[in-house]
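First comes the structure, then the notes that go with it.
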Amino acid sequence: MSGRGGTASRGPGGGPGGVLQVVLNGSRGAAEGAAVPLSPPDLAESALAAVAAGAGEVLVHPRTPCGRESLSPRVVGPVLAELRGAGVRVPLSVPADVEAEPDPGARLERVRSWTVLPERATVRFAEPGARELAQVLLARGVAVDAVVPLGGGAGPEPLARFLAWAAPDRGPVRLVAELAAPDPALVAGLCWLPPVPVVLYGRDAASWPVLRLAARCGAGARTGVGDVLRLPDGRPARSNAELVAAALEETRLAGATATAGSR
C-alpha cells in the first residue's frame with residue numbers, strides 16, 4: 001500500500017513497514033533541555049540534521065510563539081514552509097489531536113482551513129471524532145497515521161474504532177501503535193489487521209525496547225526528543241540527529257540478531 005508518505009518493506013499487518021520517523025519536539029518544552037528545538041528555524045535545522053543522519057520522515061508539533069500547540073493555518077503553514085524552505089525533502093507530518101484543539105468540531109474546521117498541507121497527519125483513535133477527522137484529512141490529500149495505544153492498561157476501544165473505520169479503499173492510512181512495553185504478543189496480534197503499514201513506538205523508558213521490537217518484526221519505528229531524551233546507554237541525547245543515528249544502529253543490531261536467530 002502506498003500514499004503520499006511513501007512505501008517500504010512488508011511489516012506486521014501485511015503492509016509496508018521499515019520507515020524511521022523523527023519526532024522533532026512532541027510535547028516537550030524549553031525546560032526539558034537544549035536538545036528540544038522550539039522556534040521554526042531551530043526545528044528546520046534539527047530536521048535537516050536528523051534527515052542527514054537517516055530519518056525518512058519528520059513529525060513536528062507546530063506551536064504558537066507562546067508555546068501552545070495549534071492547528072491554526074497561521075501556525076501550521078509557516079512551520080511547514082520553514083522546513084521545506086530550508087531543504088527538508090522527506091514527508092512531513094503534524095498531529096491533529098486534542099492537545100492542539102480540544103473540540104472535535106473545531107479540529108475539523110481547522111484542518112479544512114489549512115492552506116499549506118503536510119504529507120501526513122496523526123489522528124488519535126482514542127479521542128472523540130477521530131474517524132470524521134481522518135476522513136477529512138484523506139479528502140484533502142493528507143495521509144493518515146491512526147494512533148492506537150496498546151498495553152499498559154489501554155482498553156480495546158481505540159483499536160476497535162480503527163478497525164471499524166479502516167477498509168481496503170480508505171487510501172493512504174497507516175496504523176501507529178503506541179506500546180507501553182515491548183510485548184511481542186501484542187505485535188503478533190496485529191497480523192490479522194487490515195493490510196496497512198504499521199509503525200511501532202514507545203515513550204521514554206519504553207522507547208528503545210519498542211524500537212528494537214519494531215526492527216525484529218519489520219515494522220516502521222520512530223525516535224526523537226518528542227519521545228525520548230536519552231540514548232540507549234542512558235546518556236542525555238544532544239540532538240534529534242544523535243537519536244536517529246542511535247536508532248539506526250539499534251535497528252541494525254536487532255535485525256542482525258533476528259536474522260541469526262532464524263537460521
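The values are calculated or read from the model by the stated rules, or taken from the named source; none is laboratory data. These numbers were taken from a predicted model, which means no experiment stands behind them. Cβ placement follows ideal geometry from the backbone for every residue including glycine, while neighbour counts extend to all protein chains displayed. Each accessible area value is taken on the protein alone, full model and side chains, heavy atoms only, with ligands, DNA and RNA left out. Shrake-Rupley method; radii C 1.70, N 1.55, O 1.52, S 1.80 Å.
Summed over region 109-126, residues that are open to solvent by 30 Å² or more (accessible area, probe 1.4 Å) and either over 19 Å from GLY26 (Cβ atoms) or part of a loop (DSSP other than H, G, I, E, B) (or both) total 9. Return the residues of region 97-108 that are within 26 Å of LEU150 (Cβ to Cβ), more than 17 Å from the chain's Cα centre (by Cα) and open to solvent by 10 Å² or more (accessible area, probe 1.4 Å); say none if nothing qualifies. Within region 97-108, GLU101, PRO102, PRO104 meet the criteria. Report whether or not LEU253 is open to solvent by 50 Å² or more (accessible area, probe 1.4 Å), assigned to a helix (DSSP H, G or I), more than 16 Å from LEU150 (Cβ to Cβ) and modelled with pLDDT of 95 or more. It is false that LEU253 is open to solvent by 50 Å² or more (accessible area, probe 1.4 Å), assigned to a helix (DSSP H, G or I), more than 16 Å from LEU150 (Cβ to Cβ) and modelled with pLDDT of 95 or more.
Criterion first (surrounded by fewer than 23 Cβ atoms within 10 Å (Cβ to Cβ), touching a Gly at 6+ places or on another chain (Cβ under 8 Å) and modelled with pLDDT of 95 or more) does PRO194 satisfy it?
Values: surrounded by fewer than 23 Cβ atoms within 10 Å (Cβ to Cβ): yes; touching a Gly at 6+ places or on another chain (Cβ under 8 Å): yes; modelled with pLDDT of 95 or more: no.
No: the conditions fail for PRO194.
Applying the criterion of being more than 11 Å from LEU24 (Cα to Cα) and assigned to a helix (DSSP H, G or I) to the residues of region 237-246, the residue that is most open to solvent (accessible area, probe 1.4 Å) is ALA245.
Considering only residues in region 135-164 that are in contact (Cβ under 8 Å) with a residue 40 or more places away in the chain and in a loop (DSSP other than H, G, I, E, B), the one that is surrounded by the fewest Cβ atoms within 10 Å (Cβ to Cβ) turns out to be GLY141.
Can you pull out every residue in region 197-236 that is in a loop (DSSP other than H, G, I, E, B), of a type in the set (Asp, Glu) and open to solvent by 10 Å² or more (accessible area, probe 1.4 Å)?
To start, the set of residues in region 197-236 that are in a loop (DSSP other than H, G, I, E, B) comprises 197, 202-203, 218-219, 224-229, 231-235.
Filter once more, so that each one left must be of a type in the set (Asp, Glu): 227, 233.
Within region 197-236, just ASP233 meets the criteria.
Here VAL94 meets the list (1) within 13 Å of the chain's Cα centre (by Cα); (2) of a type in the set (A, V, I, L, M); (3) open to solvent by 30 Å² or more (accessible area, probe 1.4 Å) almost entirely, failing just condition (3).
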